[in-house]
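Asker: Before I ask anything, here is the structure I am working with.
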Amino acid sequence: MTTDHPPYYITTPIYYVNDRPHIGHCYTTLVADVAARGQRLLGRDVFFLTGTDEHAEKVVTTAKDRGLTPMQWATTNAERFKSAFAFMNFSNDDFIRTTEDRHKSRASAYIQRLVDSGDIELGDYEGWWDGSQEEYLTETVAKEHNYKSPVTGKPLEKRVEQNYFFRLDKHEAWLKEQIQSDAIRVLPEARKNEILGRINTGLQRVPVSRRIKPGDPDWGVVMPNDPEHRVYVWIEALCNYLTTVDTPDRRKYWHAPVHLMAKDIVWFHAVIWPAMLHALGEKPPAVVYAHAYWIAEGQKMSKSLGNFIEIDTLRAYADKYSLDSVRWFLTTQGPLGANDADFAHARFVDVYNADLANSVGNSASRVGNMVDKYFEGTLPRTCDGTFGFEGGKALQLALKARDDAGKPVDVPGRTFDFPTLTTDAVANFTKSLDTVDLESAMNEGLRIVRTVDDFITYSAPFTLAKRIGDLEHAEKALATILYSCAEALRIASLLLSPTMPDKMAALWRAWNCTHLNDPNDPNSGFVAPLAELAQWGGPHGFQAGSRVSKGEVLFMRADPKEPAPEAAAV
Ligand code: ME8
């Protein structure tokens, strides 16, 4: 199922294969996954790309130390990323490895085009080479860091060489205008200001090649016009976003690309890459989203501290609390904004209990249990959302039953208008997805769930149930209330599904909503766009006679006193 919305293309950085996958890599890819699933739910034709960046010099040296060829070592690690991402249930449409021919040949063709257009030219370069990061630093930056790598602290190396340069300077005015006007939307806002500030200090041409030395391994992409030079790995790596979709059937995705990354590499994505695209006559990205960092239990993660949250730790959390709860925690508590976020066990348990065990899970089980108990698992009637709410007969009856039982409830007089609530939630969800504001998007689903909880507390259907037989219309009123709860939760479950696809699928099985989602459709899976699926009592909604069973407990309450799950020793 697709709609006439333009196709949606979202990418993650391609990760260095010298590292094992950790929370940071999983996080950015999760953000892309949730955004991609969200856009598919809206009915868009989505292409979601992730992959590995394999031509770094480090790969060659590490492989040598291990007695492997660079390709063997790259493959071992690319497989680790693939299996970590499969474990995280990511729905990427492709996984690009920069060592693949399809990437190398097209990247090389783009470089040739840039040489032909005069955007890449030969010149002398003298600079400080940060071998640990595979990049040149300017004199200012090098001096500022005492001629040591700002990232690893390793000494910088002075290099003078004939290099090819990309004329970034030619694109300065264009870039400034694009970013200022949000034609290229750099998010969050703090990053946009930083980038504009840096552009305002003036752009210089950037080196894009290295001279090949005798004995250098054949690793990377050679300058197409000059076999004595190799294309600098960053420049070649950036090309992956285009090389992967530069085929007749995928070209349509290069429409308004969304690039995700952390703030460390925003300059490459918000400045260098758009300028390269401009020079190539290709559309620039529509969104460059640079989130902040995860830290671990209050501390920056680093190799020296050995405190990286590795994929195995995430697996241990998933074993204990479910994968979807890990996805929920990372999505809603992650560093999407300008501030870093802390992965701490105590926080995880708090969020798990508050959002999932006590809200989503509890609400679904209360409603499922009541429908099972009072109506043998069948919703007897529908509710148009006006009958049954404040001033409506059902609610009046419910309140009467509650008061008769002498159990005043501590919820002030409220209006419950679920059709309006759910329509607004769908609209806000859709808007939030546009700016990759996933925390807000997910909170729309949670807002519906919490309102259902309030409504149950307020209308006390369990008390009304006791009056069936002695209070006129009590049964009808109860049916109306439960229908409203079930229908509202069904709509909430759609909004929560990009983050928690397995758990929501379990709920849909229990509530016989599997018709919403066709698992055989490789792109969307949904039978209609969200706007239709979420119509209150619409063709995809609950009807009189719909079967709703109790189902499994979605999220068991967690005990905060239990120790943090730990990865099994390797
Ligand atoms: O930079 N918190 O690859 P890389 C959140 N190959 N995200 C984090 C993180 C943290 N603590 N640590 C890493 C490269 N990340 C290049 C990219 S793209 C053409 C080439 C994530 O393996 C985040 O997405 O160092 C960051 O941008 C990326 O990993 C860096 O991955």
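Asker: Does any residue of segment 122-129 turn out to be surrounded by 19 or more Cβ atoms within 10 Å (Cβ to Cβ), touching a strand residue (DSSP E or B) at 6+ places or on another chain (Cβ under 7 Å) and aliphatic (A, V, I, L, M)?
Answerer: no
Asker: Also: If I ask for residues that are under 19 Å from MET556 (Cα atoms) and buried (at least 21 other Cβ atoms within 10 Å of the Cβ), which ones from segment 331-348 would you list?
Answerer: Step one: of segment 331-348, the residues under 19 Å from MET556 (Cα atoms) are 345-348.
The one that is under 19 Å from MET556 (Cα atoms) and buried (at least 21 other Cβ atoms within 10 Å of the Cβ): PHE348.
Asker: Being in contact with a His (Cβ under 8 Å, 6 or more places away or on another chain), assigned to a loop (DSSP other than H, G, I, E, B) and within 30 Å of MET71 (Cβ to Cβ) is the filter here; which residues of segment 183-223 pass it?
Answerer: Of everything in segment 183-223, those that are in contact with a His (Cβ under 8 Å, 6 or more places away or on another chain), assigned to a loop (DSSP other than H, G, I, E, B) and within 30 Å of MET71 (Cβ to Cβ) turn out to be ILE212, TRP219, GLY220, VAL221, MET223.
Asker: Of the residues ALA237, ALA290, which single one is surrounded by 18 or more Cβ atoms within 10 Å (Cβ to Cβ), of a type outside the set (Val, Ile, Thr), in a strand (DSSP E or B) and within 15 Å of the ligand (Cβ to nearest atom)?
Answerer: Values: ALA237 fails: in a strand (DSSP E or B).
Unique residue meeting the criteria: ALA290.
Asker: Could you list, in sequence order, the residues of segment 265-282 that are more than 12 Å from THR11 (Cβ to Cβ) and either without any contact (Cβ under 8 Å) to a residue 24 or more places away in the chain or buried (at least 23 other Cβ atoms within 10 Å of the Cβ) (or both)?
Answerer: Our first condition is that a residue be more than 12 Å from THR11 (Cβ to Cβ); within segment 265-282, this holds for 265-268, 270-272, 274-282.
ALA270, VAL271, PRO274, ALA275, MET276, GLY281 - these are the residues of segment 265-282 that are more than 12 Å from THR11 (Cβ to Cβ) and either without any contact (Cβ under 8 Å) to a residue 24 or more places away in the chain or buried (at least 23 other Cβ atoms within 10 Å of the Cβ) (or both).
Asker: Every residue in segment 528-558 that is without any contact (Cβ under 8 Å) to a residue 24 or more places away in the chain and either in a loop (DSSP other than H, G, I, E, B) or of a type in the set (Lys, Arg) (or both), please.
Answerer: Step one: filter segment 528-558 for residues without any contact (Cβ under 8 Å) to a residue 24 or more places away in the chain, giving 532, 535, 538-539.
GLN535, GLY538, PRO539 - these are the residues of segment 528-558 that are without any contact (Cβ under 8 Å) to a residue 24 or more places away in the chain and either in a loop (DSSP other than H, G, I, E, B) or of a type in the set (Lys, Arg) (or both).
Asker: For segment 16-66, give me the residue count where each residue is part of a loop (DSSP other than H, G, I, E, B) and closer than 24 Å to GLN333 by Cβ.
Answerer: Within segment 16-66, the subset part of a loop (DSSP other than H, G, I, E, B) is 17-21, 43-45, 54-56, 66.
With the extra rule that they be closer than 24 Å to GLN333 by Cβ, the set shrinks to 19-21.
The total comes to 3.
Asker: Would you mind stating whether VAL266 is assigned to a helix (DSSP H, G or I) and more than 15 Å from the ligand (Cβ to nearest atom)? I'd like the intermediate steps shown before the answer.
Answerer: On the way: assigned to a helix (DSSP H, G or I): yes; more than 15 Å from the ligand (Cβ to nearest atom): no.
The answer is no for VAL266.
Asker: Name, by its number, the condition in (1) among the polar types (S, T, N, Q); (2) surrounded by fewer than 23 Cβ atoms within 10 Å (Cβ to Cβ); (3) more than 15 Å from the chain's Cα centre (by Cα) that does not hold for ASN92.
Answerer: Tallying (1) among the polar types (S, T, N, Q); (2) surrounded by fewer than 23 Cβ atoms within 10 Å (Cβ to Cβ); (3) more than 15 Å from the chain's Cα centre (by Cα), ASN92 fails exactly one: (3).
Asker: Out of curiosity, is ILE272 in a helix (DSSP H, G or I) and within 12 Å of the ligand (Cβ to nearest atom)?
Answerer: Values: in a helix (DSSP H, G or I): yes; within 12 Å of the ligand (Cβ to nearest atom): yes.
Yes: the conditions hold for ILE272.
Asker: Kindly establish whether ALA32 is in contact with a Cys (Cβ under 8 Å, 6 or more places away or on another chain) and at pLDDT 95 or above.
Answerer: Details: in contact with a Cys (Cβ under 8 Å, 6 or more places away or on another chain): no; at pLDDT 95 or above: yes.
Here the answer is no, as ALA32 does not meet what is asked.
Asker: Please tell me if LEU114 is in contact (Cβ under 8 Å) with a residue 40 or more places away in the chain, buried (at least 18 other Cβ atoms within 10 Å of the Cβ) and not in a loop (DSSP other than H, G, I, E, B).
Answerer: Spelling it out, LEU114 is indeed in contact (Cβ under 8 Å) with a residue 40 or more places away in the chain, buried (at least 18 other Cβ atoms within 10 Å of the Cβ) and not in a loop (DSSP other than H, G, I, E, B).
Asker: Looking only at segment 473-512, filter to residues that are in a loop (DSSP other than H, G, I, E, B) and touching a residue at least 40 places away in the same chain (Cβ under 8 Å); which one of those is surrounded by the fewest Cβ atoms within 10 Å (Cβ to Cβ)? Reasoning before the result, please.
Answerer: From segment 473-512, those in a loop (DSSP other than H, G, I, E, B) are 473, 497-500, 511-512; that's our starting set.
This time we only want the ones that are touching a residue at least 40 places away in the same chain (Cβ under 8 Å), so: 473, 497-500, 511.
Working: HIS473: 15, SER497: 26, PRO498: 26, THR499: 25, MET500: 27, TRP511: 26.
Applying the filter and picking the extreme gives HIS473.
Asker: Could you tell me whether segment 171-182 includes any residue that is closer than 25 Å to GLN72 by Cα, modelled with pLDDT of 95 or more and not in a helix (DSSP H, G or I)?
Answerer: Going through segment 171-182, the residues closer than 25 Å to GLN72 by Cα turn out to be none.
No, there is no match, as no residue in segment 171-182 is closer than 25 Å to GLN72 by Cα, modelled with pLDDT of 95 or more and not in a helix (DSSP H, G or I).
The values are calculated or read from the model by the stated rules, or taken from the named source; none is laboratory data. Bear in mind that the values here come from a model prediction, so they are computed numbers and not experimental data. Because the Cβ atoms are built from the backbone with ideal geometry, glycine has one as well, and the counts that use them run over all protein chains shown.
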